[in-house]
Amino acid sequence: MAAQTLFDKIWESHVVRAEPDGTTLLYIDRQLVHEVTSPQAFEGLKLSGRRPRRPGATLAVPDHNVPTTDRTMGIADPLSAKQIQTLEENCRDFGIMLFGMNDIRQGVVHVIGPEQGFTLPGTTIVCGDSHTSTHGAFGALAFGIGTSEVEHVLATQCLVQKRPKTMEVRVDGMLSNHCSAKDAILAIIGKIGTAGGTGYVIEYTGSAIRALSMEGRMTLCNMSIEGGARAGMVAPDENTIAYLKGRPLAPKGELFEQAVQTWRQLKTDTNARYDMTVTMQAEDIAPQVSWGTSPGMVTGIDQRVPDPQTITDENQRQATTQALEYMGLIPNMPMTDIKIDTVFIGSCTNSRIEDLRLAANLARGKSVATGVRAMVVPGSGLVKQQAEQEGLDHLFKEAGFEWREAGCSMCLAMNADVLQPGERCASTSNRNFEGRQGAGGRTHLVSPAMAVAAAVEGHFVDIRTWK
Amino acid sequence: MQPFTTLTGLVAPLDRANVDTDQIIPKQFLKTIKRTGLREGLFYDWRKQKDGSQDPAFFLNQPRFHGATILLTRDNFGCGSSREHAPWALLDQGFRCVIASSFADIFYNNCFQNGMLPIVLKPDKVLSMMNDVFAMPGYQLTVDLGSQTVTTPDGTRSRFEIDPFRKDCLYRGLDSIGLTLQHEAAIAAYETQRKAEAPWLFTDLCHNQGRA
């Protein structure tokens with residue numbers, strides 16, 4: 001058999017049928033569902049009199065709309081409440097497992113899938129959410145889909161797909177102290193551009209990637225979509241297996257052993273070819289801060305805000321000018337001079353226990369700067385519980401951070417956690433689009449460590465030299 | 001789904017690259033449980049000035065582009081969030097075709113699920129059409145899916161590429177779930193074989209599993 005990439009192996013083991021032109025009916029092992037992109041899919045099933053083919057292959061959770069304050073009394077916003085109620089009704093009507101808003105297992109959909117062991121190597125996983133790429137950290141083919149396709153998967157457990165191309169993103173060496181998976185993925189997007197991965201599935205390889213924890217790999221794969229790639233993946237290894245062992249929805253006993261045998265084969269063969277390869281050296285990656293309104297508009301903390309006048313490409317110059325105007329930044333100012341008034345630590349990118357441990361330890365004995373509002377939103381109820389058992393909540397609260405309930409929160413501001421016009425936020429989330437965190441709000445994407453340092457100093461600082 | 005065969009219509013210009021789906025329809029409009037009525041949210045933040053009034057410079061607020069059915073824009077249109085509310089909002093506004101120099105994957109895919117045709121043309125072609133749209137009031141294009149062409153008012157034809165399967169579904173307005181269900185036997189056979197190879201993927205969840 002010809003040498004295959006990790007992607008090739010997963011793709012080929014999921015082909016139900018293929019047409020001569022390459023159009024493929026691909027089997028989907030698992031679907032995750034949340035309240036925002038599913039109501040119309042369930043409505044479609046009802047209108048056509050269809051039932052889910054395998055309701056037990058789907059897991060549902062409300063996350064986008066949920067308040068991050070005490071919610072035992074329900075939700076004040078009637079539209080949000082209605083959407084969550086609709087999800088509950090649909091799951092009941094169609095027999096789908098749901099972690100309700102007050103279930104300890106509730107959380108951001110891309111945090112709870114791995115946490116529960118629902119996300120497994122070698123599987124195909126979809127969700128009506130572009131950050132489904134997160135699950136690729138386990139060596140799964142995981143990608144975001146629209147609501148019509150959510151309905152399609154519910155009804156058929158399949159999707160009609162064209163085979164994407166493969167891109168290897170190889171990062172060798174060792175990330176420098178205080179540089180994280182977040183800095184790596186921001187630097188990668190800065191290099192390939194926000195559309196660089198369009199039409200591709202990325203496999204992240206190299207010694208710097210191998211050295212990442214599962215949390216780090218999730219952060220990395222999560223933002224593949226910000227580089228235009230619907231999916232990103234890391235081959236499973238012993239870290240992956242150790243992470244999954246004993247998770248509630250992971251296979252148990254002999255079945256687990258059998259699965260592990262298969263998972264150990266899931267890697268790219270030595271002579272396999274990718275359609276494209278991008279390489280980076282980990283030591284070259286500085287802590288990253290985005291300056292613009294697209295995740296590719298990013299630079300190292302030791303750099304300056306770009307000057308449109310030095311950009312020769314007309315489209316790029318125009319885009320940079322527009323972005324700087326929206327962001328209220330002056331060309332050539334040092335990145336460390338950018339003052340912030342809000343800090344958000346959370347989202348499907350950076351809200352797992354490892355992120356919170358690192359952030360809490362940096363916040364230990366420090367105080368959030370006067371005039372800065374800083375909030376920490378754990379990725380799930382279980383992450384929150386774990387953090388509290390370790391006393392991380394105290395470290396945050398003593399430093400002046402707000403400690404909240406789990407959800408998507410200010411990453412996209414569908415709940416009450418919203419930036420006001422002109423407010424400037426250091427955010428561990430994934431998108432710095434105009435208005436993403438609130439109309440007129442200004443977002444700078446950073447790692448959790450950089451977010452803590454910015455909260456304490458009131459402006460961005462180089463975490464490598466921060467005391 | 002409404003079939004798409006040919007369309008002759010007024011063209012509206014959105015002269016920007018990397019337009020993300022958060023811009024096409026901001027999050028406050030995603031709380032709906034319906035597919036319709038999303039026009040109100042289309043480009044909501046760009047339609048308004050800082051004081052909240054409608055911005056007369058924005059193309060959707062200009063009477064000359066009222067009734068447009070074709071949107072002309074630049075690279076990487078529809079990037080970011082997978083929200084299908086983006087094509088729903090465009091459709092609700094009356095757009096049935098988007099022409100751009102490139103699209104983000106998920107948005108591109110979502111268009112076909114809704115009887116909308118996304119067309120990729122070369123950047124220089126898009127640029128010249130963009131200039132003409134601004135210069136010529138009432139500028140129209142004719143899109144013909146059958147021959148895969150876009151025709152300008154002076155009769156110049158540009159061919160575009162489209163996947164044959166998608167073209168057929170769109171042209172005939174086929175229900176894609178219905179099409180997949182015709183392959184029920186193949187799906188069942190796949191499941192039987194897969195269950196033998198990877199039984200751990202078939203321990204299905206229950207609605208009430210793990211509930212206290």
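Can you work out which of the residues in the stretch A:82-111 that are among the β-branched types (Val, Ile, Thr) and within 18 Å of A:Pro55 (Cα to Cα) is surrounded by the fewest Cβ atoms within 10 Å (Cβ to Cβ)? Checking each candidate, the answer is A:Thr86. The set of residues in the stretch A:160-180 being of a type in the set (A, V, I, L, M) and surrounded by fewer than 24 Cβ atoms within 10 Å (Cβ to Cβ) consists of A:Val160, A:Met174, A:Leu175.
The set of residues from the stretch A:302-328 being assigned to a helix (DSSP H, G or I) and within 14 Å of another protein chain (Cβ to nearest Cβ) comprises A:Glu314, A:Asn315, A:Gln316, A:Arg317, A:Gln318, A:Ala319, A:Thr320, A:Thr321, A:Gln322, A:Ala323, A:Glu325, A:Tyr326.
When the stretch B:38-94 is filtered for residues that are more than 13 Å from chain A (Cβ to nearest Cβ), surrounded by fewer than 16 Cβ atoms within 10 Å (Cβ to Cβ) and either under 23 Å from B:Thr142 (Cα atoms) or in contact with a Gly (Cβ under 9 Å, 6 or more places away or on another chain) (or both), the ones remaining, listed by number, are B:Gln62, B:Pro63, B:Arg64, B:His66, B:Gly67.
Screening B:Ala100 with (1) closer than 24 Å to A:Ala319 by Cα; (2) out of contact with any Gly (no Cβ under 9 Å at 6 or more places or on another chain); (3) not hydroxyl-bearing (Ser, Thr, Tyr) gives one miss only, at (2). One residue alone among A:Val36, A:Val66 is facing chain B (nearest Cβ under 7 Å), within 26 Å of the chain's Cα centre (by Cα), assigned to a loop (DSSP other than H, G, I, E, B) and surrounded by 20 or more Cβ atoms within 10 Å (Cβ to Cβ), and that residue is A:Val36.
Just for the stretch A:2-15: of the residues that are in contact with a strand residue (DSSP E or B) (Cβ under 6 Å, 6 or more places away or on another chain) and outside any strand (DSSP E or B), which one is nearest to the other protein chains (Cβ to nearest Cβ)? This residue is A:His14. Of all residues in the stretch A:69-90, those satisfying the criterion of being under 20 Å from A:Gly381 (Cα atoms), part of a helix (DSSP H, G or I) and either within 8 Å of chain B (Cβ to nearest Cβ) or not charged (D, E, K, R) (or both) are A:Ser80, A:Ala81, A:Ile84, A:Gln85, A:Leu87. Among residues of the stretch A:419-434 that are more than 10 Å from chain B (Cβ to nearest Cβ), those with a beta-carbon under 6 Å from a residue that is charged (D, E, K, R) at least six positions away or on a different chain give the pairs A:Glu423/A:Asp341; A:Arg424/A:Asp341; A:Arg424/A:Arg442. Residues in the stretch A:16-33 that are assigned to a strand (DSSP E or B) and at the interface with chain B (Cβ under 7 Å from one of its Cβ atoms): A:Val16, A:Arg17, A:Leu25, A:Tyr27.
Kindly establish whether A:Arg436 is of a type outside the set (Gly, Ala, Ser), under 23 Å from A:Ser180 (Cα atoms), surrounded by 24 or more Cβ atoms within 10 Å (Cβ to Cβ) and at pLDDT 95 or above. Reasoning before the result, please.
On the way: of a type outside the set (Gly, Ala, Ser): yes; under 23 Å from A:Ser180 (Cα atoms): no; surrounded by 24 or more Cβ atoms within 10 Å (Cβ to Cβ): yes; at pLDDT 95 or above: yes.
So A:Arg436 does not fit the description; no.
Can you work out which of the residues in the stretch A:91-110 that are outside any loop (DSSP other than H, G, I, E, B) and within 8 Å of another protein chain (Cβ to nearest Cβ) is farthest from A:Arg404 (Cα to Cα)? Ranking the qualifying residues of the stretch A:91-110, first place goes to A:Arg92.
Kindly check whether there is at least one residue in the stretch A:46-55 that is over 18 Å from the mean Cα position of the chain (by Cα), at positive phi and surrounded by fewer than 24 Cβ atoms within 10 Å (Cβ to Cβ).
Checking the stretch A:46-55: at least one residue is over 18 Å from the mean Cα position of the chain (by Cα), at positive phi and surrounded by fewer than 24 Cβ atoms within 10 Å (Cβ to Cβ).
Going by the structure shown, is A:Pro114 within 21 Å of the chain's Cα centre (by Cα) and either facing another protein chain (nearest Cβ under 10 Å) or assigned to a helix (DSSP H, G or I) (or both)? Judged against the criteria, A:Pro114 is a match. Among residues of the stretch B:22-37 being assigned to a helix (DSSP H, G or I) and of a type in the set (A, V, I, L, M, F, W, C), the one that is nearest to A:Pro62 (Cα to Cα) is B:Phe29.
Among the residues making up the stretch B:117-141, a single one is closer than 16 Å to B:Tyr171 by Cβ and touching a Leu at 6+ places or on another chain (Cβ under 9 Å): B:Leu117. For the stretch B:38-65, give me the residue count where each residue is assigned to a loop (DSSP other than H, G, I, E, B), over 16 Å from the mean Cα position of the chain (by Cα) and in contact (Cβ under 8 Å) with a residue 40 or more places away in the chain. So the count comes out to 0.
The values are calculated or read from the model by the stated rules, or taken from the named source; none is laboratory data. Nothing here was measured: the structure is a model prediction, and the numbers come from that model. Please note: Cβ atoms are built from the backbone with ideal geometry, for glycine as well, and neighbour counts cover all protein chains shown.
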